[in-house]
Amino acid sequence: MNFIETIGSLIITTGRQTRNLLALFFDTIYWIVAGPFKNKFVKSGSIFSQMVFAGAGSLIIASFVALFTGIVIAMQSAYQLSRFGANIYIAPMVAVGLARELAPVLTALVVAGRVGAAITAELGTMKVTEQIEALETMALNPIRFLVVPRFLALLIMLPCLTILADLIGIFGGFLVGVFMLHLDPYRYVTFSFKFMLWKDVWTGLVKSVVFGITIAMVGCYTGLKTKGGAEGVGKSTTLSVVTSFILIILFDCLLTGLFYFTQK
Amino acid sequence: MSKEIVIRAENLVKRFGDRTVLNGMSLEIHKGETFVIMGGSGCGKSTFLRHLIGALKPDSGKVFLLGKDLCLLNEDELDAVKKKIGMSFQSSALFDSMTVGENVSLPLREHAKLDKSVIDIVVKMKLELVGLRGFEDLMPSQLSGGMRKRIGLARAIAMDPEIVFYDEPTAGLDPIVAGVIDKLILDLSKKLAITSVVVTHDMKSVFSIADRIAMLYEGRVLEVGTPDQIRKSHNQMVQQFVSGSPDGPIKFFQQKDDYLEQLMK
């Protein structure tokens with residue numbers, strides 16, 4: 001009985017949290033869409049500062065991950081392809097693999113760990129020091145004030161970072177192809193894009209938009225729900241990163257399946 | 001001091017899980033008075049305060065703030081009422097990411113369509129009232145606890161509210177700074193003709209600032225009266241609280257029998 005009870009309560013809790021998360025999402029969308037009409041939109045200054053933190057701040061780590069991912073895919077592909085004398089096919093493999101899958105997912109995971117955690121820690125600390133309550137007492141809606149700028153920042157910055165990751169990853173593969181495997185540089189570059197369709201690029205970008213929304217929502221939700229002082233902030237931050245990771249992988253699977261089966 | 005009622009609570013009941021925190025709380029607060037709410041830890045003071053500012057809704061009972069029934073208002077109407085009140089938090093609740101000036105001017109920037117230069121003047125005036133003029137460009141982390149409290153107060157009065165609520169204004173402050181805060185509360189009350197609702201258990205504060213005092217116990221009002229009436233109260237629990245003695249009808253230690261029994265289990 002205990003086992004079934006545990007499963008049951010787990011399902012109920014997950015259901016409730018999902019409902020609250022969706023409620024936060026719709027509230028955020030409401031403020032973005034309806035806010036300007038009520039003269040209550042968000043100051044552009046706060047959106048820009050969030051964009052700098054989320055985007056510009058994540059540049060180095062995202063590029064680092066992309067570069068080495070490109071290098072690794074190239075080397076792993078070479079391992080098999082060299083048997084068939086087909087090394088040049090490393091180029092499209094790296095390019096398409098990155099565009100469709102690895103650039104959006106790995107960039108999202110990196111950003112979830114850096115930006116998602118920071119959002120949760122910041123909002124969580126504000127919650128336990130009564131700052132959120134202070135906002136509400138001053139008739140300032142915390143969602144409009146705190147969640148919307150972070151949401152928009154991630155929505156805009158994650159696709160940008162993904163495109164950059166695509167290009168840097170291709171460059172990583174280029175390094176392996178040209179300097180390790182002695183392929184012709186011009187051929188490498190043109191072959192990279194020869195097999196790439198626009199669909200590969202935009203499916204990757206749609207994924208990065210979905211991931212951006214996920215990271216923002218999970219980060220803000222866990223932050224605003226924090227209880228219990230410093231320990232609570234630590235717990236929320238961990239929960240935020242782990243949940244973001246799980247949801248990113250889950251949505252990636254769903255979206256990949258969706259794009260695959262609508263291929264005709 | 002007129003007898004107009006600005007806050008009325010009628011039979012508030014609030015439960016958190018199976019704990020009944022408010023058990024039929026009723027109070028009336030008059031315009032312009034400094035009303036102190038005191039009681040032991042866990043008697044429901046902070047929960048009650050949050051009902052008065054519209055942050056919590058009771059399970060049953062009504063709250064009237066400035067003549068309006070808070071449970072019947074929609075979000076916009078509630079916002080309109082909130083703009084007429086200010087709150088000073090126990091932890092001062094300043095926004096760490098903004099300077100002192102930005103903290104104090106936040107309600108003005110968001111709610112009032114004033115020119116920046118006018119807002120700057122108002123900020124300077126409010127900081128002068130709390131004795132911290134010139135601190136506009138510092139960050140909250142650079143200030144001491146007492147200074148943060150006072151800045152929080154300046155922010156609470158930025159929009160010239162009709163009522164200011166104070167949640168443990170002197171908690172954790174040294175006696176001199178506590179005295180400064182007490183004087184501030186009295187000054188604001190006189191100079192700005194505002195109603196002050198102070199939740200505290202600092203006895204010295206209570207008797208130096210209060211026009212009327214309410215003592216809470218286990219979610220109800222035990223007694224309401226002027227400082228003199230409270231001091232001369234016949235209620236033993238009130239006397240125990242006022243004198244701060246550990247022995248009396250309000251039990252701190254459990255019965256001796258329980259203790260022995262549980263030790264031996």
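The values are calculated or read from the model by the stated rules, or taken from the named source; none is laboratory data. Please read all numbers here as calculations on a predicted model, not as lab measurements. As a convention, Cβ positions derive from the backbone with ideal geometry for all residues, glycine included, and neighbour counts pool all protein chains shown.
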When region B:161-178 is checked residue by residue, the ones that are modelled with pLDDT of 90 or more and either over 17 Å from residue B:92 (Cα atoms) or in a helix (DSSP H, G or I) (or both) are B:161, B:162, B:163
Restricting attention to region B:73-84, which residues are charged (D, E, K, R), within 10 Å of chain A (Cβ to nearest Cβ) and without any contact (Cβ under 8 Å) to a residue 24 or more places away in the chain? B:75, B:76, B:79
Filtering strands (runs of 3 or more DSSP E) wholly in region B:1-64 for at least 2 residues that are over 15 Å from the mean Cα position of the chain (by Cα) gives B:5-16, B:19-30
Does residue A:193 count as within 14 Å of chain B (Cβ to nearest Cβ) and touching a residue at least 40 places away in the same chain (Cβ under 8 Å)? no
Region B:76-87: number of residues that are closer than 15 Å to residue B:51 by Cα and part of a helix (DSSP H, G or I): 4
For region A:205-238, give me each residue that is closer than 15 Å to residue A:121 by Cβ and surrounded by fewer than 18 Cβ atoms within 10 Å (Cβ to Cβ). A:227, A:228, A:229, A:230, A:231, A:232, A:234, A:235, A:238
Within region B:185-197, is there a residue that is more than 19 Å from residue B:7 (Cα to Cα) and assigned to a loop (DSSP other than H, G, I, E, B)? no
With respect to residue B:67, is the statement that it is crowded, with 23+ Cβ neighbours inside 10 Å, of a type outside the set (A, V, I, L, M) and at pLDDT below 90 true? no
Just checking, which of A:150, A:114 is within 14 Å of chain B (Cβ to nearest Cβ) and either out of contact with any strand residue (DSSP E or B) (no Cβ under 6 Å at 6 or more places or on another chain) or not in a helix (DSSP H, G or I) (or both)? A:150
Being hydroxyl-bearing (Ser, Thr, Tyr) and either buried (at least 24 other Cβ atoms within 10 Å of the Cβ) or away from every other protein chain (no Cβ under 14 Å) (or both) narrows it down to one residue among A:120, A:137; which is it? A:120
Write out, first by first residue and then by second, each pair whose Cβ atoms fall under 6 Å of each other, whose residues are 6+ apart or on separate chains, and whose first residue, in region B:177-204, is assigned by TED's automatic domain parsing to the domain that holds residue B:66 while the second is assigned to a helix (DSSP H, G or I) and of a type in the set (S, T, N, Q). B:182/B:205; B:182/B:208; B:196/B:189
Filter region A:154-194 for residues that are among the acidic types (Asp, Glu) and under 22 Å from the mean Cα position of the chain (by Cα) and give the result. A:166
For residues that are buried (at least 22 other Cβ atoms within 10 Å of the Cβ) and of a type outside the set (Val, Ile, Thr), tally how many sit in region B:189-209. 2
Contact list please: Cβ distance under 6 Å, first residue in region A:69-92 and at pLDDT 90 or above and surrounded by fewer than 19 Cβ atoms within 10 Å (Cβ to Cβ), second residue of a type in the set (Val, Ile, Thr) and assigned to a helix (DSSP H, G or I), pairs at least six apart or on different chains. A:75/A:176
Looking for something loosely packed, with under 13 Cβ neighbours inside 10 Å and either on the phi > 0 side of the Ramachandran plot or outside the structural domain of residue A:117 (by TED's automatic domain parsing) (or both) - is there at least one such residue anywhere in region A:55-67? no
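Quick grid of which residues meet (1) within 23 Å of residue B:188 (Cβ to Cβ); (2) in contact with a Lys or Arg (Cβ under 7 Å, 6 or more places away or on another chain); (3) within 12 Å of chain A (Cβ to nearest Cβ); (4) not basic (Lys, Arg):
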| position | (1), (2), (3), (4) |
| --- | --- |
| B:30 | yes, yes, no, yes |
| B:33 | yes, yes, no, yes |
| B:38 | yes, no, no, yes |
| B:42 | no, no, no, yes |
| B:47 | no, yes, no, yes |
| B:50 | yes, no, yes, no |
| B:53 | yes, no, yes, yes |
| B:86 | yes, no, yes, yes |
Looking at region B:88-137, which of its residues are touching a residue at least 12 places away in the same chain (Cβ under 8 Å), of a type in the set (Gly, Ala, Ser), away from chain A (no Cβ under 14 Å) and in a loop (DSSP other than H, G, I, E, B)? B:131
Does region B:65-75 hold any residues that are acidic (Asp, Glu) and assigned to a strand (DSSP E or B), and which are they? B:69
